[in-house]
2 protein chains.
Amino acid sequence: MGSKQQLTERIGNLLRESKLSVTDTRTKILELFMKSNGALEHSDFEKLTGSSFDRVTVYRTLQTFLDKGIIHKIPTTDTSVRYALCKSECTEHDHHDHHVHFKCEECGNTVCLEETNVPAIHLPKGYAAHNVEVVVSGVCKSCK
Amino acid sequence: MGSKQQLTERIGNLLRESKLSVTDTRTKILELFMKSNGALEHSDFEKLTGSSFDRVTVYRTLQTFLDKGIIHKIPTTDTSVRYALCKSECTEHDHHDHHVHFKCEECGNTVCLEETNVPAIHLPKGYAAHNVEVVVSGVCKSCK
DNA sequence: ACAAATATGCAACAATGTTGCATATTTGTG
DNA sequence: CACAAATATGCAACATTGTTGCATATTTGT
């Protein structure tokens with residue numbers, strides 16, 4: 001079990017690696033991502049932090065993390081935008097998710113299934129694929 | 001080639017089958033769907049109709065069509081919500097899309113690839129899948 | 001410890017989505 | 001065809017979500 005101190009150190013390193021300065025907001029938001037192990041949307045940050053940060057700062061922080069390849073977006077069928085931590089294979093300039101996203105209809109949580117690969121899709125003639133997003137909805141392990 | 005009159009008649013029948021009254025708004029919006037052959041988002045309706053309908057009416061109309069299984073939503077990674085016409089296999093109570101959605105990075109259009117089947121996804125133990133959404137992004141036929 | 005670079009918070013705004021209610025349209029019936 | 005009941009629409013007012021400019025605060029490298 002990593003202590004709180006170790007987590008904070010890990011986050012600091014991650015930020016420095018991405019050439020970002022280490023600030024309270026960024027540390028706290030990354031902490032939330034690492035603890036949640038699922039996808040978060042903007043409103044979660046206001047709830048989870050007790051709105052200790054300005055809305056604008058949260059938007060800008062998420063955008064920065066996206067730009068640096070620290071987090072990625074997950075497709076949804078509503079107006080919310082969900083974000084999840086990227087694994088090591090994502091970098092600033094080469095940014096793919098090679099895993100499947102699962103949204104539980106019971107608890108509403110969305111998680112990344114790192115072990116589940118996205119299958120190859122055979123497209124009709126004339127279409128060129130760059131990226132494939134798969135979102136499975138159903139009932140998750142914990143809600144079963 | 002179906003004439004305008006035939007299209008209007010077809011739309012009227014579709015609405016009556018769903019036990020909805022036939023109104024100008026609904027007819028016009030379905031007409032747009034049938035002509036576009038792709039996914040539309042809310043702002044498209046205001047553009048395409050020259051904002052002849054109230055925003056609220058458009059929102060309510062889309063919700064009604066969703067409820068009746070006439071249209072379905074397509075996942076996106078932004079705040080927009082995209083809708084597309086359902087094919088005949090969708091009904092009010094059994095509502096799946098068994099096809100792949102393709103979003104072109106050039107023209108921004110999203111289309112349903114009816115011929116392309118969604119592959120089976122092998123989930124980790126404990127997860128039950130109800131629905132699988134696949135969105136491929138890349139370059140479409142016309143933009144190639 | 002300092003200056004330069006960067007991040008934050010506030011205010012003001014823009015865009016998007018929702019609700020209640022009065023008015024208008026559509027539908028089924030005679 | 002005319003009428004009443006059911007349904008849909010449009011307006012106003014509001015709630016939520018996301019954006020921009022700019023002054024202040026924090027972080028970083030020296």
Task: With every protein chain in place, the protein assembly as shown: carbon and sulfur % of accessible area (1.4 Å) - done: 47 percent
- [ ] With springs connecting C-alpha atoms under 10 Å apart, model chain A as a Gaussian network and identify which of A:Asn131, A:Asn13, A:Asn37 has the largest mean-square fluctuation.
- [x] A:Asn131
- [ ] Determine the calculated [θ] at 222 nm for chain A from helices alone, applying -39500 (n - 2.57) to every DSSP H run no shorter than 4 residues and normalising by the residue count; nearest 500 deg cm²/dmol.
- [x] -10500 deg cm²/dmol
- [ ] Output ³J(HN,Hα) for the range B:101-111: one whole-Hz value per residue in order, computed from phi by the Karplus curve 6.51 cos²θ - 1.76 cosθ + 1.60 with θ = phi - 60°, and x for Gly and Pro.
- [x] 9, 10, 10, 7, 7, 7, 8, x, 5, 10, 10
Task: Averaged over A:21-30, number of beta-carbon atoms from partner chains that fall within 10 Å - done: 0
Task: Contact surface B-A: accessible area buried, both sides summed, square angstrom, 1.4 angstrom probe - done: 3100 Å²
- [ ] Determine the per residue accessible area of the range A:43-144 with all protein chains present and a 1.4 angstrom probe, expressed in square angstrom.
- [x] 53 Å²
- [ ] From other protein chains only, count the Cβ atoms within 10 Å of every residue's Cβ in B:53-62, then give the mean.
- [x] 0
TODO: Calculate the tail of P(r) for the protein assembly as shown: the fraction of all Cα-Cα distances greater than 32 Å, expressed in %.
DONE: 35 percent
Open item on the list: With angles folded into 0 to 90 degrees, how steeply does helix A:4-17 sit against the dominant principal axis of chain A? Use alpha carbons for both and round to 10.
Closed with: 70 degrees
Open item on the list: Starting from a Cα-only point model with no solvent, please compute log10 I(q)/I(0) by Debye for the range B:34-93 at q = 0.12, 0.19, 0.25 1/Å.
Closed with: -0.29, -0.73, -1.17
Task: Threshold 40 Å² - residues in the range A:129-144 whose accessible area is reduced by that much or more when the chain is no longer isolated, probe 1.4 Å - done: A:His130, A:Asn131, A:Glu133, A:Val135, A:Val136, A:Ser137, A:Val139, A:Lys141
Task: Vicinal HN-Hα couplings computed from phi for the range B:37-45 (Karplus, 6.51 cos²θ - 1.76 cosθ + 1.60; Hz; Gly/Pro x) - done: 6, x, 8, 10, 10, 3, 5, 4, 5
Open item on the list: Using a 10 angstrom Cβ neighbour count of at most 15 plus a DSSP loop assignment to flag exposed GluC sites (Glu not before Pro), which longest range of chain A is free of such sites?
Closed with: A:1-88
TODO: Only loop residues by DSSP count here, and only those with at most 14 other Cβ atoms within 10 Å; note down the trypsin sites (Lys or Arg not before Pro) in the range B:1-94 that meet that.
DONE: B:Lys19, B:Lys87
Task: Distance violations [Cα-Cα > 31 Å] among A:Lys35/B:Lys103; B:Lys19/B:Lys103; B:Lys4/B:Lys47; A:Lys47/A:Lys68; B:Lys28/B:Lys73; A:Lys141/B:Lys73 - done: A:Lys35/B:Lys103; B:Lys19/B:Lys103
Open item on the list: Could you tell me the center-to-center distance, by alpha carbons, between the range A:4-40 and the range B:101-136 in angstrom?
Closed with: 32 Å
Open item on the list: Given all pairs of different Cα atoms, what value in angstroms does the Kirkwood hydrodynamic radius of the range B:4-138 take?
Closed with: 16.1 Å
- [ ] Could I get the Rg over Rh figure for the range B:16-64? Both from C-alpha atoms, Rh via Kirkwood, rounded to two places.
- [x] 0.94
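The values are calculated or read from the model by the stated rules, or taken from the named source; none is laboratory data. Here the structure is a predicted model, which means the values were calculated and not measured. As a convention, Cβ positions derive from the backbone with ideal geometry for all residues, glycine included, and neighbour counts pool all protein chains shown. When the accessible area is computed, the model is the full protein with side chains, heavy atoms only, and any ligands, DNA or RNA have been set aside. Shrake-Rupley method; radii C 1.70, N 1.55, O 1.52, S 1.80 Å.
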